[in-house]
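In what follows, a single structure is set out as structure tokens and then discussed.
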Amino acid sequence: MPKLKENQFYNVSTRKKEIVPNEYIELVKFKNGAYALLGLARDNMKMFKLISVNKIEKMENKYGKARRYKR
């Protein structure tokens, strides 16, 4: 699978790439300390994309401070 861009997420249920607008993307931090981008699809399905530690500062500047993710 080719590398996805920042606003592209892979929807597991439809097995397709989806483009999510920037206002529906946020930065979250899981319990284990991993950071991820959370994108909401059209049908309110949550899609996650894990990001590396090197990109955290860049993503915080773009999407705001990371919040803790709770189900």
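Summary of computed values
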{"item": "ASN11 vs. criteria surrounded by 15 or more Cβ atoms within 10 Å (Cβ to Cβ), of a type outside the set (Val, Ile, Thr), at pLDDT below 95 and more than 11 Å from the chain's Cα centre (by Cα)", "result": "yes"}
{"item": "Any hit, segment 56-66, residues being in contact (Cβ under 8 Å) with a residue 40 or more places away in the chain and hydroxyl-bearing (Ser, Thr, Tyr)", "result": "yes"}
{"item": "Those residues of segment 52-64 which are under 13 Å from the mean Cα position of the chain (by Cα) and either over 12 Å from ALA36 (Cα atoms) or part of a strand (DSSP E or B) (or both), in sequence order", "result": "LYS62, GLY64"}
{"item": "Any hit, segment 23-31, residues being at pLDDT below 95 and among the aliphatic types (A, V, I, L, M)", "result": "no"}
{"item": "Flag for TYR63 being touching a strand residue (DSSP E or B) at 6+ places or on another chain (Cβ under 7 Å), at pLDDT below 95 and either buried (at least 16 other Cβ atoms within 10 Å of the Cβ) or charged (D, E, K, R) (or both)", "result": "yes"}
{"item": "Scope segment 21-47; condition surrounded by 15 or more Cβ atoms within 10 Å (Cβ to Cβ) and in a strand (DSSP E or B); matching residues", "result": "ILE25, GLU26, LEU27, VAL28, LYS29, TYR35, ALA36, LEU37, LEU38, GLY39, LEU40, MET47"}
{"item": "GLU18 vs. criteria in a strand (DSSP E or B) and free of Cβ contacts under 8 Å to residues at least 40 places away in the same chain", "result": "yes"}
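The values are calculated or read from the model by the stated rules, or taken from the named source; none is laboratory data. Being a predicted model, the structure only gives us computed values, none of them experimental. Glycine gets a Cβ as well: all are built from the backbone with ideal geometry, and neighbour counts include every protein chain shown.
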